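FYI, it's all coordinate maths here, none of it is from the lab. Remember, predicted model here, so these are calculated numbers, not experimental data. No Cβ is skipped: glycine too gets one built from the backbone with ideal geometry, and neighbour counts run over all protein chains shown.
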Amino acid sequence: MAERKMLTVLGGQTCDVPPIWLMRQAGRYLPEYREIRARYPSFLDLCYAPESACEITLQPIRRFDFDAAILFSDILVVPDALGQDVRFEVGEGPRLQPITTEAHLSTLDLNGALRRLSPVLETVERVRAALAPEKTLLGFCGAPWTVATYMIAGHATPDQAPARMLAYENPGFLERLLDMLVEASAQYLVAQLKAGADAVQIFESWAGPLPEREFHRWVIEPTRALVRRVRAEVPGARIIGFPRAAGLRLEPYLDGVAPDMVALDWTVPLEYAQRIQSRIPIQGTLDPLALLVGGEALDAEVRRILGVLGGGPFVFNLGHGIIKETPIPHVERLVALVRGEA
Ligand SMILES: Cc1c2[nH]c(c1CCC(=O)O)Cc1[nH]c(c(CCC(=O)O)c1C)Cc1[nH]c(c(CCC(=O)O)c1C)Cc1[nH]c(c(C)c1CCC(=O)O)C2
């Protein structure tokens, strides 16, 4: 089989030229994405349309020859599949019917969730069949805490105050919600791996604002349970953790969760990332704003990152999702720089 470079790195080896993909690489900065998107009144309908979702997953691979494709979907398909009302308003982001009571929680249907996610699993099968053998296919889900923050607040917030307040007021409620998300997410990731995903990434976008004890209870514990559940059903499953803005809690996260690779945001000092790399393969760190701005700033950042992290197990990526105003030539330049062709 042709070498899937990301799997080489996930296995702890170093590639001379690191593999590269970008978080949110399929999306609005691409005109070919916007064209398909315009045909669907609702973003979730697009997530559940296997033919279009497959095409969108492949678009950035065709255009930039990235080493990995990431399934086109969203972390909020899980609450939708559980039966919560989820919508995406153009220009406003996600809107959910907030869940804060036991009565509402008890209406969610764990048993039916995986069946409702079957179109996404069909997308995984289609992508694997269409993708070149040397390309890695990544599946994903949101981490239980991050998904819960949206389910509780009903929308994006700067500091996750609604979920954090509920955690203090009614920890038993949050525990029950997280247990349900661990189970639904485990079934979903296992199904993605069985449908053809080579590895899965767990997005913990909102690890940042939690105090230490809450970080252990709401981030580490549920994610550890999720990872164990997946590995119990798929031995050797390869899992990437992305605890964005974990700061000083990064090493406790690695101790507790034990992912195969960790994705780091751009605030992590590179010399510290290099130390982390001596225990686990690393992905990420480029500031999405450096890619947006381009020019000499981009060149310098990319060379600095490659200089510090390129000598060990490393996957080049952004430290968070690509910004939708990013010019396409900047992405082309980035790929050329990483491949030593610039
Ligand atoms: C928190 C989160 C969400 N979704 C996701 C996260 C975790 C990563 C992160 O922190 O960015 C993850 C995600 N969302 C999407 C993907 C697809 C795969 C990829 O290309 O990476 C992935 C991996 C598509 C998407 N998800 C969304 C879009 C844009 C929707 C559109 O085209 O109308 C895409 C392409 C919508 C979305 N989805 C979400 C929000 C807050 C929004 C609105 C804000 C925004 O628009 O960026 C929830």
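Quick rundown of the values:
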| item | result |
| --- | --- |
| Amide proton proximity set for V315, modelled H, under 5 Å, gap of 5+ | I282, Q283, G284 |
| Percentage, to the nearest whole number, of Cα pairs in the range 1-123 over 25 Å apart | 39 percent |
| Alpha-carbon Debye profile of the range 272-342, log10 I(q)/I(0) at 0.14, 0.21 Å⁻¹ | -0.41, -0.87 |
| Cross-link reach list, lysines versus K135, counting only Cα pairs under 24 Å and skipping chain neighbours closer than eight places | K5, K194 |
| Values of log10 I(q)/I(0), in the order q = 0.12 Å⁻¹, for the range 5-338 under a Debye, Cα-only, solvent-free model | -0.81 |
| Sorted by Cβ density within 10 Å, fewest first, the residues W266, W206 | W266, W206 |
| Selection from A129, G247, L306 lying farthest towards where the dipole of the chain points positive, charges on Cβ | A129 |
| Convex hull of the range 183-342 built on C-alpha atoms - directionally averaged projected area, nm² | 10.1 nm² |
| ³J(HN,Hα), Karplus 6.51/-1.76/1.60, whole Hz, each residue of the range 71-79, x for Gly, Pro | 2, 8, 6, 8, 5, 8, 5, 5, x |
| Extent along principal axes [Cα atoms of the range 21-61; Å; largest to smallest] | 27, 18, 14 |
| 5 Å binning of all Cα-Cα separations within the range 187-227, expressed as whole percents from 0 upward | 6, 19, 25, 19, 14, 11, 6, 1 |
| Inter-site label distance for E175 and T14 at 7 Å from Cα along Cβ, in nm | 4.6 nm |
| Long-range HN-HN contacts of F242 with modeled amide H, under 5 Å | I202, E204, A263 |
| DSSP-defined antiparallel bridges as percent of all bridges, the chain, nearest 5 | 15 percent |
| Residues in the range 54-87 reached by a label modelled at E332 [backbone nitrogen below 11 Å; 7 Å Cα→Cβ] | 64 |
| Which of V90, H216, A342, positive extreme of dipole for the chain (C-beta unit charges) | A342 |
